[in-house]
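What follows is a set of notes on a single structure, which appears directly below.
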Amino acid sequence: MIYIQSNEERTLPHHFDSACALWGAIDAGLEYRLTSMEELQSKKFFTQILRSRCFVGSVEFMTEVFNQLGKSPRVKINSDRRSETMKLMEARNLVLGGTSKFIKPKQIKLFTGDVYDKYYISSLDSYPDDTEVLVYEPFTHPIISEWRLYIHHNKIVDARNYSGDFKTIPNWSWIEKKLTNYKDFPMAYTIDVGILSSIPFGSSERENVIIEFNDMWAIGNYGMENKRYLRMLVDRYFEIIKS
């Protein structure tokens with residue numbers, strides 16, 4: 001049985017990704033049940049159900065599931081780039097001093113990680129000064145294409161362009177070599193890869209960089225086949241439960 005987040009009336013999937021999971025369950029011939037955030041928060045589902053059945057939904061929905069189970073899953077690192085952890089106030093002061101920074105919240109999905117300059121940083125004014133953030137140096141050249149790679153059992157099983165030039169594809173050999181460093185990563189996760197405008201000296205291909213890693217338990221489906229998408233969600237869910 002797959003429990004899929006729904007609207008409050010339990011008549012429709014909560015969002016597009018929940019609908020993908022629903023169709024994945026139908027395609028795989030699996031039983032499913034729509035369940036709302038309100039029903040989950042009522043704690044009508046005993047721990048035994050949460051541990052023996054897979055739940056699928058938004059970041060907020062899945063966070064509630066894991067909170068009830070005493071779990072706090074995440075990938076080991078946000079990126080393979082060097083970062084500093086600091087308070088948002090400190091990061092804001094750096095940016096206001098004239099230095100653009102890539103800023104991402106330490107709390108999953110609190111706000112969108114992006115390059116912030118002294119004009120754009122005001123968009124974070126609604127968040128408390130003591131919010132913990134990860135701060136990175138921006139890439140040295142513009143990103144011209146961004147791809148999400150879906151990794152299952154340490155293999156690339158799907159890849160989707162989500163921003164920029166879809167004709168500019170990743171360097172697959174470079175990525176597969178990178179994967180050899182991530183054998184202790186989750187069973188299912190994603191890698192967001194950026195392709196820069198620069199071409200390194202002695203190379204015929206544009207420079208590839210890892211933007212970030214994301215855990216699979218509440219990740220967007222950017223077009224992969226629904227049954228495979230659900231399989232990755234299920235595998236990662238029970239890996240978390242057993243950890």
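Taking the longest Cα principal axis of the chain as reference, the axis of helix 226-242 is set at about 80 degrees. Karplus-based coupling profile of segment 34-48, in residue order and whole Hz: 7, 9, 8, 4, 4, 5, 5, 5, 6, 6, 6, 8, 5, 3, 4, with θ = phi - 60° in 6.51 cos²θ - 1.76 cosθ + 1.60 and x standing for Gly or Pro. Expressed as a whole percent, the proportion of Cα-Cα pairs in the chain lying more than 30 Å apart is 34%.
Largest GNM mean-square fluctuation across Asp165, Asp117, Asp130, computed for the chain with C-alpha springs under 10 Å, falls on Asp130.
Using a Förster distance of 22 Å, how high is the FRET efficiency between Asn67 and Lys106, based on the Cβ-Cβ distance and rounded to 0.05? The value I calculate is 0.85. Along segment 203-213 the Karplus relation, 6.51 cos²θ - 1.76 cosθ + 1.60 evaluated at θ = phi - 60°, assigns HN-Hα couplings of 10, 9, 10, 5, 5, 9, 9, 8, 7, 6, 9 Hz to successive residues, with x for each Gly and Pro.
Legend: residue pairs Lys43/Lys183; Lys109/Lys178; Lys106/Lys155; Lys109/Lys183, Cα-Cα distance threshold 30 Å; pairs beyond threshold, Lys43/Lys183. Taking the Cα centre of segment 107-214 as reference, the dipole from Cβ charges on Lys and Arg (+1) and Asp and Glu (-1) amounts to some 580 debye. Sequentially through segment 17-32, phi angles give Karplus couplings (6.51, -1.76, 1.60; θ = phi - 60°) of 5, 5, 5, 4, 5, 4, 5, x, 5, 4, 4, 8, x, 9, 6, 9 Hz, Gly and Pro residues having no value and appearing as x. Placing unit charges on each Cβ (+1 for Lys and Arg, -1 for Asp and Glu) gives the chain a dipole about its Cα centre, and among Ile169, Tyr116, Tyr182 the Cα reaching farthest toward its positive end belongs to Tyr182.
Peptide packing for 61-69, 5-13 was compared via the average number of neighbouring C-beta atoms within 10 Å per residue; ordered from the highest value, the list is 61-69, 5-13.
Here the spin labels are modelled as points 7 Å beyond Cα on the Cα-Cβ line, and at Glu239 and Asn7 they lie 3.4 nm apart. Relative to one another, the C-alpha centroids of segment 1-64 and segment 151-186 are positioned 28 Å apart. Placing unit charges on each Cβ (+1 for Lys and Arg, -1 for Asp and Glu) gives segment 1-74 a dipole about its Cα centre, and among Pro73, Phe55, Trp23 the Cα reaching farthest toward its positive end belongs to Pro73.
Where a number appears in this text, it was derived from the coordinates with a stated rule and is not lab data. Keep in mind the model is a prediction, meaning the values are calculated, not measured. For neighbour counting, all protein chains shown are included, and Cβ atoms are generated from backbone atoms with ideal geometry for every residue, glycine included.
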